[in-house]
Amino acid sequence: MNLNHLRYFLAVAETGSFTQAAERSFVSQPTLSAAIAKLEDELGAPLLDRQARPAGLTEAGQRFQLRARAILREVDEARSDMAKAPAREPLRLGLADELAIAPIAGCLAAFGAAHPDIALRLVEAAPDALGQRLAGGRLDAALTLAGAASPRQRPLYRERTVAALPPHHALGRMPALRLEHLHGQALVVWTGLHDLRDLRRGLAAAAAEPLVVCRTGEIGRAAALVAAGVGLCLLPASAIPPGTARRPLEPAAAARTVVLDPAAPPHGRPLEALIDFTSRHGWPSGQRRDPTDIAH
């Protein structure tokens, strides 16, 4: 049964005229008349009294008029429903502001592609603030640094602090750096470095006094300053921008562990999906040697 045939029939029923119905439906009168005749053949009964002026409905036509309207109404509602975006379940995820974003952004992009029915709501804050929001039920989980022992924290990857060097930096010829090599060097201090106090003590012990040109708590800004040649900086390996060299430190700085810290159970489906996805994601190993670690 053709839906347009139903519309043509209803147009004649409402206007009482084949001519007006054809104009309303933007078809020729012969086309409209042929369509209604075909509809009557399919139903096995005449729907319109063509002898009456205006055209009237037969008894079968009166009954079918209600059916036709109901059919078209259901079709319109179905189309409207299908046009609506599917409901997406929210997932409130905290991001520690001390984390390098590159590996996390890649994971979250892949997670979003795999779970288009989940709407991520990201909140960036300091690790302590994220912990408070988790405890208060204002977050479903947080990507943060390992802190106090918690049976819920799920380790994702470890990474060491390395020296990020501007292009063509003199220290780039060295395979590894010791703190005494920083003496007199322009240094961008990223204040989010988790072992910043150890660095200060180490510099004092090595009698090394770098020239601090900037202090910033924004890891992206620190990386950009290195790339621009303002100075070198100690950063997590995953935060090193393209085009800059990186060198390991000797002795090696303590590695930091990035974890997923979920809220206390019970967990909803979106959080269970995130837990499963992050456990299988290809996180950086933290052990691979980067080509820029080779002296040149």
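The values are calculated or read from the model by the stated rules, or taken from the named source; none is laboratory data. Being a predicted model, the structure only gives us computed values, none of them experimental. Note that each Cβ is placed from the backbone with ideal geometry, even for glycine, and that neighbours are counted across all protein chains shown.
Laid out as a table, the results:
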{"read-out": "Of the criteria (1) in contact with a Pro (Cβ under 9 Å, 6 or more places away or on another chain); (2) closer than 14 Å to LEU165 by Cα, which one THR257 fails", "value": "(2)"}
{"read-out": "Any hit, the range 74-92, residues being under 25 Å from ARG221 (Cα atoms) and either in contact with a His (Cβ under 9 Å, 6 or more places away or on another chain) or charged (D, E, K, R) (or both)", "value": "no"}
{"read-out": "In the range 15-47, the residues that are among the hydrophobic types (A, V, I, L, M, F, W, C) and either in contact (Cβ under 8 Å) with a residue 24 or more places away in the chain or in contact with a Lys or Arg (Cβ under 8 Å, 6 or more places away or on another chain) (or both)", "value": "PHE18, LEU32, ALA35, ILE36, LEU39, LEU47"}
{"read-out": "Whichever residue in the range 149-197 is farther than 21 Å from ALA228 by Cα and of a type in the set (Ser, Thr, Tyr) and, among such residues, is modelled with the highest pLDDT", "value": "TYR157"}
{"read-out": "Criterion violated by ALA55 - all others in (1) touching an Asp or Glu at 6+ places or on another chain (Cβ under 8 Å); (2) in contact (Cβ under 8 Å) with a residue 40 or more places away in the chain; (3) closer than 22 Å to LEU271 by Cα satisfied", "value": "(3)"}
{"read-out": "Residues of the range 242-266 that turn out to be modelled with pLDDT of 90 or more and under 28 Å from the mean Cα position of the chain (by Cα), as a count", "value": "6"}
{"read-out": "When residues of the range 177-222 are limited to those that are touching a Ser or Thr at 6+ places or on another chain (Cβ under 8 Å) and farther than 13 Å from THR161 by Cβ, the one surrounded by the most Cβ atoms within 10 Å (Cβ to Cβ)", "value": "VAL188"}
{"read-out": "Number of the exception - ALA60 against (1) more than 30 Å from PRO270 (Cβ to Cβ); (2) modelled with pLDDT under 90; (3) surrounded by 15 or more Cβ atoms within 10 Å (Cβ to Cβ)", "value": "(2)"}
{"read-out": "All positions within the range 249-277 that are assigned to a helix (DSSP H, G or I) and surrounded by fewer than 21 Cβ atoms within 10 Å (Cβ to Cβ)", "value": "ARG269, GLU272, ALA273, ILE275, ASP276, PHE277"}
{"read-out": "LEU66 surrounded by 11 or more Cβ atoms within 10 Å (Cβ to Cβ), out of contact with any Pro (no Cβ under 7 Å at 6 or more places or on another chain) and farther than 30 Å from PRO236 by Cβ", "value": "no"}
{"read-out": "Number of the condition not met by ARG121 [criteria: (1) farther than 21 Å from ALA255 by Cα; (2) crowded, with 18+ Cβ neighbours inside 10 Å; (3) without any contact (Cβ under 8 Å) to a residue 60 or more places away in the chain]", "value": "(2)"}
{"read-out": "Test result for LEU156, out of contact with any Gly (no Cβ under 8 Å at 6 or more places or on another chain), closer than 30 Å to LEU91 by Cα and surrounded by 18 or more Cβ atoms within 10 Å (Cβ to Cβ)", "value": "yes"}
